[in-house]
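Have a look at the structure below before the remarks.
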Amino acid sequence: MQLPRLVDAAFDRLVVPGYSRLGYAARRAGWQALRPGSLEGRTVLVTGASGGLGAATARGLAALGARVELVVRDRGRGDQAADALRAEHPGAAVGVAVCDVSSLADVRRYAAEVRDREAAVHGLVHNAGVMPPERTETAEGHELALATHVLGPFLLTRELRPVLRAGASPTSPSRVVFVSSGGMYTASLPTDDPEFRAGTYSGGAAYARTKRMQVVLAELLADDLASDGIVVHSMHPGWADTPGVASSMPAFRRVTGPLLRTDEQGADTAVWLQAAAEAGHSTGVFWHDRAPRPTHYLPRGAETPQARAALWTLCVDATGETA
Ligand SMILES: NC(=O)c1ccc[n+]([C@@H]2O[C@H](COP(=O)([O-])OP(=O)(O)OC[C@H]3O[C@@H](n4cnc5c(N)ncnc54)[C@H](OP(=O)(O)O)[C@@H]3O)[C@@H](O)[C@H]2O)c1
């Protein structure tokens, strides 16, 4: 039975019921199962797929018949995740590719390699995520959370545009999904200091700011790529018990332990966005538990057009892409 809309919304406003496994259990009762084989013939790339939600997303996509590429920064961990996927889904088509998405040079190299080898790509899931304990810069001089969550994904999406366009058809667009976080509700777009050079650095704040940027970037890319038949969505997974939560937020994990979702539950909406018809009929939407969610709870929190334009300029200038 479907959760009444008002109850569903109240779950999210109260955070714990909505984000925990309680919300997942209550909502899933009203969901239709995704059709096995619904992703046959589709190739989907998942970043940060060596563990946690990325590996679970890859397993969920493979279960629906997709050919999946695990995009990882460590070949050994990627091979282990691929072995686990094949053990769970014998016969699954799974590949492993090494790319550090925080490195613009590596993203450019990887995207060129994909363009050379693939005639078409149908889906891309920007899942790789970090919560740096201290301010760290990449070799190219960008703050690590910004590079991992925003600049690398922007560049990868843009550089894969030709193969994503080739994967799109009038009845089935190619799909790009950003795995953001409910933590983004606590942050606004950091237009003055996106590289977090001023003030006291906090990994949690850097994380929330860049997760907010992902949601706005998904909206901007949705407009940018619409004419190519590519839809772009963002989502948040709720709270799931992953290696990342264990290492970056041990106190949070101790308190919320039994309420945390499994990896599969956290990954569910990212998988659904690649497969469900509804997600192909819209673009630039923020989702959680298979439903569109507000990006702001207070109207005055919404970004100004100038702030949105500044994010676009930041991405274009940092990557050298065309506006
Ligand atoms: N778990 C939650 O409750 C939760 C809640 C909200 C949002 N999220 C989001 O969900 C996504 C996955 O989170 P998770 O909890 O599964 O985290 P996780 O367990 O830490 O996994 C993160 C993955 O990203 C990879 N990664 C990090 N930096 C990378 C880079 N530069 N290039 C390529 N791969 C990189 C990691 O690879 P290594 O194996 O090499 O470290 C790992 O596979 C993140 O974007 C996170 O912000 C999670």
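The values are calculated or read from the model by the stated rules, or taken from the named source; none is laboratory data. Note that this is a predicted model, so its numbers are computed, not measured. Here Cβ is always computed from backbone atoms with ideal geometry, including for glycine, and neighbour counts include all displayed protein chains. To get the accessible areas, we keep the full protein, side chains included, count just its heavy atoms, and leave off ligands, DNA and RNA. Shrake-Rupley method; radii C 1.70, N 1.55, O 1.52, S 1.80 Å.
Annotations
- Total formal charge among the other residues, if their Cβ is under 14 angstrom from that of Ala307, Lys/Arg +1 and Asp/Glu -1: 0
- Only helices enter the 222 nm calculation for the chain: every DSSP H run of n ≥ 4 contributes -39,500 (n - 2.57), and dividing by all residues gives -13000 deg cm²/dmol, rounded to 500.
- Accessible solvent surface per residue of region 40-319, calculated while the other protein chains remain in place, 1.4 angstrom probe, Å²: 39
- Residue among Ala82, Ser38, Thr304 farthest towards the positive dipole end of the chain, charges placed on Cβ: Ser38
- Sites Ala25 and Leu298, calculated FRET efficiency, Cβ-Cβ separation with R0 41 Å, nearest 0.05: 0.90
- Once divided by 2.2 N^0.38 Å, the Cα radius of gyration of region 278-323 becomes 1.50.
- The residues neighbouring Asp224, those whose beta-carbon lies less than 14 Å from its own, together hold a net charge of -1 under the Lys/Arg +1, Asp/Glu -1 convention.
- Sites Arg13 and Ala309, calculated FRET efficiency, Cβ-Cβ separation with R0 45 Å, nearest 0.05: 0.90
- Prolate/oblate/rounded call for region 1-143, Cα gyration tensor, a/c under 1.5 rounded: oblate
- Rounded, prolate or oblate (a/c below 1.5 giving rounded, otherwise prolate when a/b exceeds b/c) for region 40-319 by Cα gyration tensor: rounded
- Charge dipole (debye, nearest 20) of the chain; +1 at Cβ of Lys and Arg, -1 at Cβ of Asp and Glu: 800
- Principal axes of region 195-316: Cα extent on each, largest first, Å: 45, 43, 27
- Kyte-Doolittle at least 0.5, axis length at least 15 Å by Cα - qualifying DSSP helices, the chain: 52-63
- Within the accessible area of the chain (1.4 Å probe), percent carbon and sulfur: 55
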